[in-house]
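What follows draws every value from the coordinates through simple rules; no lab data is involved. Note that the coordinates shown come from a computational prediction; the quantities given were computed from them, not determined experimentally. Positions of Cβ are generated from backbone atoms using ideal geometry, with glycine treated the same way; all protein chains shown enter the neighbour counts.
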Amino acid sequence: MIMGAALSAIGGCATREKLARADREEQIVLTEKVSYVTHSISGVRWEYIALPGIYVAERKDDQGVYFYGPGRSIVEITTLRNNLPHLLVGGIYLPNDPSRPSQLVWAFEGNPQTTADLDAYMTQRTVATTALPALQPGIGAGANIVGNVVGGAVVAGIIAAGEGELNRIEVKDPALSAKLREGRGPTRSAAAGQQLPQAVK
């Protein structure tokens, strides 16, 4: 399988596991996309992008917490596929050990959606999921819930169909890995009137 071989070559992997539900109401807020570029041993370029939005803690394992974004929050771009952006359902994995790199994770799909215009997709996605409007004062938690129910429901369905198979890539750039951690904080419902965590800029 080309995908599996390529991921192995650049340090990614797929796992099958039954994940427990997260036991804390947390989220990661990204106000702009975070892009990580890596290359395989053969020189093939891979770019992984976490799109702007609110990523909610939904699952966990013994080593860390999975934060799923609204809708298709992870984008994969590679020269192997003519640099056509592939839109993936997933999010951010933060290991409990802060010395370990953050990861971008996504559920395996045989034929994921694509887009020819990533900027247009990002604009449409922001409006459709209401993820970024939820960051504005006075909007409240309702918009957060609408945005993340979309992603959570799709993730749950894909994981169930694939028996929990998740692909992942470690963000080995220390600055980018730290950037993903910096947006972490309690959800509005958990904060009970407190402000959202400082958004990543």
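Structure above, values below:
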{"quantity": "Estimated inter-spin distance, K33 and D97, nm [label 7 Å along Cα→Cβ]", "calculated": "3.2"}
{"quantity": "Residue-span extension gain [N82 to K172] - 0.36 nm each, minus C-alpha spacing", "calculated": "29.9 nm"}
{"quantity": "Cα→Cβ-extended label distance, 7 Å offset, between R45 and R21, nm", "calculated": "4.4"}
{"quantity": "Neighbourhood charge, 13 Å Cβ-Cβ cut-off, centred on R45 and excluding it, Lys, Arg +1 and Asp, Glu -1", "calculated": "-1"}
{"quantity": "Paramagnetic reach from A116 (point 7 Å along Cα→Cβ, amide N under 18 Å) across region 42-78", "calculated": "78"}
{"quantity": "Cleavage-rule hits, GluC sites (Glu not before Pro), region 25-109, DSSP coil, Cβ neighbours within 10 Å at most 14", "calculated": "E25, E32"}
